[in-house]
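Participant: Here's a structure for you.
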Amino acid sequence: MHNDAHFGTRAVHAGQAPDPSTGAVMTPIYMTSTYAQPTPGEFKGEYDYSRSANPTRTALEANLAALENANHALTFSSGCAALACILHTLTSGDHVVVCDDVYGGTFRIYDKVFKQLGIDFTQVDMTDLNATAAAMTDRTKMVWIETPTNPLLKVIDIKAVADIGHAKGAFVCVDNTFATPYLQNPLDLGADIVSHSSTKYIGGHSDIVGGALMTKDDELHERLKFYQNAVGATPSAFDCFLLLRSTKTLHVRMQRHCESGRAIAEMLEASSKVKSVVYPGLPSHPQHEIAKKQMRDFGGMVTLTLDTDLAGTRRFLEALRVFTIAESLGGVESLVDHPAIMTHASVPAEQRAQLGIADSLIRLSVGIEDIADLKADIEHALSAI
């Protein structure tokens, strides 16, 4: 596979040459925990034990690296496991600057796990570059960006924040889960590591939990690979096989997610029952120009605040018929999430209020169903408020 192939071709073929022993077009599922050694300590390639490496996983990692314009990729059993791998490269006394609006599980792993191990973190609104620079200290070793953010869909200028972090000697990580490599490539904008919850758009079918890290840096890759193996939160060969099936259609799915996401956002913005709509593709989005600069399209996530109270919000949610009330996102089916109660319940109430995660705030993951049915479903639910 040539590196200059277009995205859709890389999605289908990168890392996946036909099996040399049989000619199988699809990568086999290597369901083995260990590998024969002809003599002690001598084994074929990198394969001695499947926590360390597995051929199905190797194919997936090569595929994902190609999609993110990276030299290396590592895969994990969850997105949280991928973040934990990065944090294991830090030591007690190190400091991390984190954007203020992040997935609740990301906040929890910083606040309830690694903070207890002596790793400090400061959250800051990274749309404010002056505030971001002010949050950096001499102990700052890492900057964590999520863009678009979860659930408020803030768009952070990756290149500008990467420059700030690098000036302090920190490495810069970008959670690219919402955008996917089809819409945004943070490594090309100066990031050192890209992180994904492959549970979401990369998996795309709400049947896999997984995570991934990509980098261009050989030394950083070796450090991360050590912790991937040592801590051991690696995915099964079957999950890797399913993800390889999913990446083949990522570009096609994302086109539909983007088209429908924009249509739903525009419809909601015109509704008198909606107080506000946040979607990077709308000119009303505060960082719309940055989004146009660093994203190819604007995704399938839409956040809205209803012009009602918690009781009215519940009526809206319970009246939906096509959208399913559920955590997670990025699947072919449309999901609706109430962040304050569901995905961001681990964020303290006062912090949620400060961020603007109100009781009437809703996050939509717009799927690939017929857009007419999605619009009708939302209109029906709005009438229940």
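Participant: Report whether or not G232 is small (G, A, S) and closer than 19 Å to T149 by Cβ.
Facilitator: For G232, the condition - small (G, A, S) and closer than 19 Å to T149 by Cβ - is not met.
Participant: On to the next question. Just wondering, is there one or more residues in the stretch 137-149 that are assigned to a loop (DSSP other than H, G, I, E, B) and at positive phi?
Facilitator: Scanning the stretch 137-149 turns up no residue that is assigned to a loop (DSSP other than H, G, I, E, B) and at positive phi.
Participant: Let me ask you something else. Can you tell me which residue is nearest to the chain's Cα centre (by Cα) among those in the stretch 361-373 that are more than 26 Å from L242 (Cβ to Cβ) and buried (at least 21 other Cβ atoms within 10 Å of the Cβ)?
Facilitator: Among those that are more than 26 Å from L242 (Cβ to Cβ) and buried (at least 21 other Cβ atoms within 10 Å of the Cβ), it is I362.
Participant: What about L268, is it more than 30 Å from H13 (Cβ to Cβ), out of contact with any Leu (no Cβ under 6 Å at 6 or more places or on another chain) and either modelled with pLDDT under 95 or not assigned by TED's automatic domain parsing to the domain that holds T32 (or both)?
Facilitator: no
Participant: If only one of T343, T305, T324 is surrounded by fewer than 20 Cβ atoms within 10 Å (Cβ to Cβ), within 30 Å of L129 (Cβ to Cβ) and of a type in the set (S, T, N, Q), which one is it?
Facilitator: It is T305.
Participant: I've got another one for you. Kindly list, by first and then second residue, each pair from a residue in the stretch 347-364 that is assigned by TED's automatic domain parsing to the domain that holds L310 to a residue that is aromatic (F, W, Y) and part of a helix (DSSP H, G or I), limited to pairs with Cβ atoms under 6 Å and residues at least 6 apart or on different chains.
Facilitator: These pairs meet every condition: V347/F107.
Participant: Follow-up. Looking at the stretch 155-170, which of its residues are under 26 Å from G299 (Cβ atoms) and either hydrophobic (A, V, I, L, M, F, W, C) or not assigned by TED's automatic domain parsing to the domain that holds V102 (or both)?
Facilitator: V155, I156, I158, A160, V161, A162, I164
Participant: Just the residues that are touching a residue at least 24 places away in the same chain (Cβ under 8 Å) and either under 18 Å from A237 (Cα atoms) or surrounded by 13 or more Cβ atoms within 10 Å (Cβ to Cβ) (or both), please, taken from the stretch 1-25.
Facilitator: Hits for the stretch 1-25 are M1, F7, G8, R10, A11, V12, A14, G15, Q16.
Participant: Quick one: how many residues across the stretch 192-219 are within 22 Å of F298 (Cα to Cα) and in a loop (DSSP other than H, G, I, E, B)?
Facilitator: The number of residues fulfilling the criteria is 9.
Participant: Scan the stretch 117-139 for residues that are among the polar types (S, T, N, Q) and out of contact with any Lys or Arg (no Cβ under 7 Å at 6 or more places or on another chain) and jot them down.
Facilitator: Result: T122, Q123, N130, T132, T137.
Participant: Which members of the stretch 117-144 meet the condition of being surrounded by fewer than 14 Cβ atoms within 10 Å (Cβ to Cβ), closer than 23 Å to L220 by Cβ and either not assigned by TED's automatic domain parsing to the domain that holds G93 or not acidic (D, E) (or both)?
Facilitator: L117, G118, T137, R139
Participant: Still on this structure, I have one more. Quick check: is even one residue across the stretch 291-301 out of contact with any Gly (no Cβ under 9 Å at 6 or more places or on another chain) and at pLDDT below 95?
Facilitator: The answer is no, given that none of the residues of the stretch 291-301 is out of contact with any Gly (no Cβ under 9 Å at 6 or more places or on another chain) and at pLDDT below 95.
Participant: Applying the selection to the stretch 133-151, what residues are of a type in the set (S, T, Y) and more than 24 Å from L329 (Cβ to Cβ)?
Facilitator: T137, T140
Participant: If you go through the stretch 152-185 one residue at a time, how many are outside any strand (DSSP E or B) and either under 20 Å from G330 (Cα atoms) or without any contact (Cβ under 8 Å) to a residue 60 or more places away in the chain (or both)?
Facilitator: Number satisfying all stated conditions: 23.
Participant: If you don't mind, another one. Give the residues of the stretch 188-232 that are hydrophobic (A, V, I, L, M, F, W, C), surrounded by 24 or more Cβ atoms within 10 Å (Cβ to Cβ) and over 17 Å from V332 (Cβ atoms), sorted by residue number.
Facilitator: If the condition is that a residue be hydrophobic (A, V, I, L, M, F, W, C), surrounded by 24 or more Cβ atoms within 10 Å (Cβ to Cβ) and over 17 Å from V332 (Cβ atoms), then A191, I193, V194, A212, L213, M214 are the ones that fit.
Participant: Only one of V274, V278 is in contact (Cβ under 8 Å) with a residue 40 or more places away in the chain, among the aliphatic types (A, V, I, L, M), in contact with a strand residue (DSSP E or B) (Cβ under 7 Å, 6 or more places away or on another chain) and within 23 Å of D157 (Cα to Cα); which?
Facilitator: The conditions single out V278.
Participant: Taking the condition of being touching a Gly at 6+ places or on another chain (Cβ under 8 Å) and within 13 Å of M142 (Cβ to Cβ), how many residues in the stretch 58-90 meet it?
Facilitator: Of the residues in the stretch 58-90, 1 are touching a Gly at 6+ places or on another chain (Cβ under 8 Å) and within 13 Å of M142 (Cβ to Cβ).
Participant: Restricting to the stretch 234-267, count the residues that are touching a helix residue (DSSP H, G or I) at 6+ places or on another chain (Cβ under 7 Å) and either free of Cβ contacts under 8 Å to residues at least 60 places away in the same chain or assigned to a helix (DSSP H, G or I) (or both).
Facilitator: Residues flagged as touching a helix residue (DSSP H, G or I) at 6+ places or on another chain (Cβ under 7 Å) and either free of Cβ contacts under 8 Å to residues at least 60 places away in the same chain or assigned to a helix (DSSP H, G or I) (or both) within the stretch 234-267 amount to 13.
Residue-wise test of (1) in contact with a helix residue (DSSP H, G or I) (Cβ under 7 Å, 6 or more places away or on another chain); (2) of a type in the set (A, V, I, L, M, F, W, C); (3) closer than 16 Å to L355 by Cβ.
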site: T56; (1), (2), (3): yes, no, no
site: L60; (1), (2), (3): yes, yes, no
site: H72; (1), (2), (3): yes, no, no
site: S92; (1), (2), (3): yes, no, no
site: C99; (1), (2), (3): no, yes, yes
site: T106; (1), (2), (3): yes, no, yes
site: Q123; (1), (2), (3): no, no, yes
site: M126; (1), (2), (3): yes, yes, yes
site: V143; (1), (2), (3): yes, yes, no
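The values are calculated or read from the model by the stated rules, or taken from the named source; none is laboratory data. Being a predicted model, the structure only gives us computed values, none of them experimental. All Cβ positions, glycine included, derive from the backbone under ideal geometry; neighbour counts span all protein chains shown.
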